[in-house]
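Participant: Dumping the structure here so I can ask a few things about it.
Values in this text are rule-based calculations from the coordinates and carry no lab data. On a predicted model such as this, the values are computed, not experimentally measured, just so you know. Cβ sites come from the backbone with ideal geometry, for glycine too, and all protein chains shown count toward neighbours.
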Amino acid sequence: MRVKRAFRVWQRHFNVYMKLYKSSIALNFVEPVLYLVAMGLGLGAYISEVQGKAYVNFIAPGIIASSSMFATVYECTYGTYVRMALQKTFDAILATPVNIDDLVLGELMWGATKSVFYGSIIIAAITAFGLVESPFILLVIPCLFISGFIFAEISMICTAVVPGVDSFNYFYTLLMTPMFLFSGIFFPIDTLPAWIARIAFFTPLYHLTTICRSFAYGTPQNALWSVLWLLVAVMILAPLPFKLMRKRIIQ
């Protein structure tokens, strides 16, 4: 694996993205803001406080986490699959000195970059709305890259094993949607049955939500264990996308 050549893969994706970024930003910005308005202001009108915070202030940091997650997941499932199986972009890249491991690392780096990019947009939005209490919110940005790498790894593992593009429906319905709903974005997980709360604890979105909320509230010490959890998860998952994508591409 050569990082310099992986960066060239990243650079290729970045150059393509810059030609289409206006429509992409609009779509990825509007949906999180709609969640924030509908849930934070609509449902928030019936909820006085959650953990001592106004409901809209409670969910706003979680919207950062979910937006960054979905940006990466869409990129490294549908985006990677299209480049691999439909557009044959991978075939063209592999005809150069770039090898499969370089290519997979470039895909992971690009997925993590999308996480940072869209998470940062939501950080700017909720800050403009007056929903951030501390400048520590800027420390979320490097954490978005770490968590983005995890979501990219999970997504590329799925991409490597699905028989066809329609099979991503199972991935989103059975994994991503439950993670989105039960990761503490819209309500504290300690209100759930204990067994569900334990499962939620082992999801990266729960820890990213905890990190975003801690930094937004100015309590960074509450994020330390979650940052450590993300770092460990990155290393545990790291070999799988390389092994599985290598097998898929060679076949």
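Participant: So, in Å, what gap is there between the alpha-carbon centers of region 216-251 and region 2-73?
Facilitator: 19
Participant: How much length would be gained if the chain were fully extended between GLN251 and SER134, taking 0.36 nm per residue of separation minus their Cα-Cα distance, in nm to one decimal?
Facilitator: Values: separation 117, 0.36 × 117 = 42.12 nm, distance 5.06 nm.
Extra length from GLN251 to SER134 when fully extended: 37.1 nm.
Participant: Taking only DSSP H segments of four or more residues, each worth -39500 (n - 2.57), what value at 222 nm results for the chain once the sum is divided by all its residues, to the nearest 500 deg cm²/dmol? Write out the running numbers ahead of the final one.
Facilitator: On the way: 12 runs with 165 residues, N = 251.
The per-residue figure over the chain is -21000 deg cm²/dmol.
Participant: On to the next question. Taking the Cα centre of region 3-250 as origin, work out the dipole magnitude from +1 charges on Lys and Arg Cβ and -1 charges on Asp and Glu Cβ, in debye rounded to 20. If you can, show how the numbers build up before the last one.
Facilitator: Values: 16 positive and 11 negative charges, 147 e Å.
It works out to roughly 700 debye.
Participant: In degrees, nearest 10, range 0 to 90: what is the angle between the Cα axis of helix 3-18 and the longest Cα principal axis of the chain?
Facilitator: Rounded to the nearest ten degrees, it is 70.
Participant: Let me ask you something else. Could you run the Karplus curve 6.51 cos²θ - 1.76 cosθ + 1.60 with θ = phi - 60° over region 211-219 and give me ³J(HN,Hα) per residue in whole Hz, x for Gly and Pro?
Facilitator: 5, 4, 5, 5, 5, 5, 8, x, 10
Participant: Here is a further query. Could you check the spin-label model distance between ARG2 and ALA124? Points 7 Å from the Cα along Cα→Cβ, value in nm.
Facilitator: Once both label points are built, they end up 3.6 nm from each other.
Participant: Lysine pairs in the chain 8 or more apart or on different chains: how many have alpha carbons under 29 angstrom apart?
Facilitator: 15
Participant: Right, next: Please find, in a Gaussian network model of the chain (springs between Cα atoms separated by less than 10 Å), the residue of ALA233, ALA45, ALA124 whose mean-square fluctuation is greatest.
Facilitator: Taking springs between Cα atoms under 10 Å, the residue moving most is ALA45.
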